[in-house]
Amino acid sequence: MGSLGTVLKHPDDIYPLFKLKMAARNVGKQIPPEPHWGFCYKMLHKVSRSFSLVIQQLGPELRNAVCIFYLVLRALDTVEDDTSIASDIKVPILKNFHQHIYDGDWHFSCGTKDYKVLMDQFHLVSTAFLELGRSYQEAIEDITKRMGAGMAKFICKEVETVDDYDEYCHYVAGLVGLGLSKLFYASKLEDLAPDSLSNSMGLFLQKTNIIRDYLEDINEIPKSRMFWPRQIWSKYVNKLEDLKYDENSIKAVECLNDMITNALLHVEDCLKYMSALRDPAVFRFCAIPQIMAIGTIALCYNNIEVFKGVVKMRRGLTAKVIDRTKSMSDVYGAFFDFSCLLKMKVEKNDPNATKTLSRIEAIQKTCRNSGLLNKRSSYMVESKPSYNSVAIIAVFILLSIFLAFLSTKQPIHSD
Ligand code: IN0
């Protein structure tokens, strides 16, 4: 459906979308004057539009540390992802990356588009990194070192077992959770979270990405890199790419549901991690991506479209999540609603139906037991267009007709 059609079907998306647009415009105007910080914030905005808005809402000290952490990780990722670099060149770069961030003269050109610019101008990220407080630098260095070594290990290793899958996700995302928890602690805004909970926060996000991005990853040129573990997909097909062919659609969806059931294992840890946060900005920063992930999971479950194209939450729903996530009651509410949607999609004849349903039940029980479920407004239930929204649409239409009328009117010449 086109974007106008989508908006007409969900008129209560209009106000959050408008607010998001305004917030993005304001962020664009607040780029710091120093060239290195200006580059970092412009780059952050380019590589992650909506997420950069949430980073901008953190206090200045923590915001700078998270911005640099994010860009360093994106640079490491660019090296890992570039299939044109030979392994014997790539492995030492990944392993030594934690040293390169201290070296303003270090440079390695790779990646494409915005990522190429990030790599070519990496000295500006280094300059900004060197201005961070020592405890922030140490946290970023430690995680970059461990992540680079983990990525190097998986350059020549396939993801065979579910343990390999958890290990790979730990390196590329669980460690991000450990690093962020260290940065929050260094800012004195939060207590230090247990590593296992921080790890689960990253694993839930990364597993959601890996599930959602099946087609994009398998179709990658020149060579696909896949992270779905053989231990799971081999129950359904002989080769991972067989999942995308129409004749295997039943097996493909069963395999997808198996992968989703695996990802649901991390949800309770994530809820526990978020419930311990105290600072409102840190809380929103953590909670928004998690709600987006459970929403994406609910959308992908039992959905053959994952093997045919991109399955993403509509922009208006993303805008609503960003607008409405303020407290733990919003998080429990969103997790409860999206797991209801998930539950409705489980079919009895799915080979993992019992396991999936029991994981959904456990999540819903945690949400109910919080005692916070009634203190929120649900954005899942499709509300009928309210008078307010209808009025907004009517004004839009009238305004468009008026503007169209003005632009077609001939100028009056007085001779
Ligand atoms: C992230 C995470 C992230 C945010 C908050 C708390 C976290 C705790 C543990 C681990 C990761 C945490 O969030 C981003 C979200 C993001 O980038 N979203 C994209 C949308 C999308 O579809 O990709 C956007 O453009 O808005 C995230 O996905 N990752 C990430 C990377 C670095 C940092 Cl500092 C925080 C990537 C990943 C691999 C999941 C960890």
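Numerical summary
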quantity	calculated
From the options 307, 336, 283, residue that is without any contact (Cβ under 8 Å) to a residue 40 or more places away in the chain, more than 15 Å from the chain's Cα centre (by Cα) and surrounded by 18 or more Cβ atoms within 10 Å (Cβ to Cβ)	336
The range 127-179, residues that are among the polar types (S, T, N, Q) and more than 14 Å from the ligand (Cβ to nearest atom)	127, 135, 137, 161
Selection count where residues are of a type outside the set (Val, Ile, Thr) and crowded, with 21+ Cβ neighbours inside 10 Å, scope the range 57-69	6
Any hit, the range 174-197, residues being within 22 Å of the chain's Cα centre (by Cα), farther than 30 Å from residue 135 by Cα and not in a helix (DSSP H, G or I)	no
Near pairs, Cβ below 6 angstrom, 6+ apart or cross-chain, from the range 181-198 (free of Cβ contacts under 8 Å to residues at least 24 places away in the same chain) to any residue that is part of a helix (DSSP H, G or I)	181/198; 192/185; 195/178
Filter result for residue 236 (under 18 Å from residue 264 (Cβ atoms), away from the ligand (no atom under 12 Å from the Cβ) and among the aromatic types (Phe, Trp, Tyr))	no
Total residues in the range 89-110, condition in contact with a Gly (Cβ under 7 Å, 6 or more places away or on another chain) and either more than 16 Å from the ligand (Cβ to nearest atom) or of a type in the set (Lys, Arg) (or both)	1
Unique match (being free of Cβ contacts under 8 Å to residues at least 24 places away in the same chain, assigned to a helix (DSSP H, G or I) and hydrophobic (A, V, I, L, M, F, W, C)) among 260, 250	250
Criterion (under 25 Å from residue 64 (Cα atoms) and away from the ligand (no atom under 15 Å from the Cβ)) met by exactly one of 188, 223, 182	188
Test set (1) more than 15 Å from the ligand (Cβ to nearest atom); (2) part of a helix (DSSP H, G or I) - residue 281 fails condition number	(1)
Residue 239 being crowded, with 16+ Cβ neighbours inside 10 Å, of a type in the set (Lys, Arg) and either in contact with an Asp or Glu (Cβ under 6 Å, 6 or more places away or on another chain) or modelled with pLDDT of 95 or more (or both)	no
Filter result for the condition that a residue is hydrophobic (A, V, I, L, M, F, W, C), more than 20 Å from the chain's Cα centre (by Cα) and surrounded by fewer than 15 Cβ atoms within 10 Å (Cβ to Cβ), over 85, 31	31
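The values are calculated or read from the model by the stated rules, or taken from the named source; none is laboratory data. All figures in this text were calculated on a predicted structure; none of them were measured in a lab. Cβ sites come from the backbone with ideal geometry, for glycine too, and all protein chains shown count toward neighbours.
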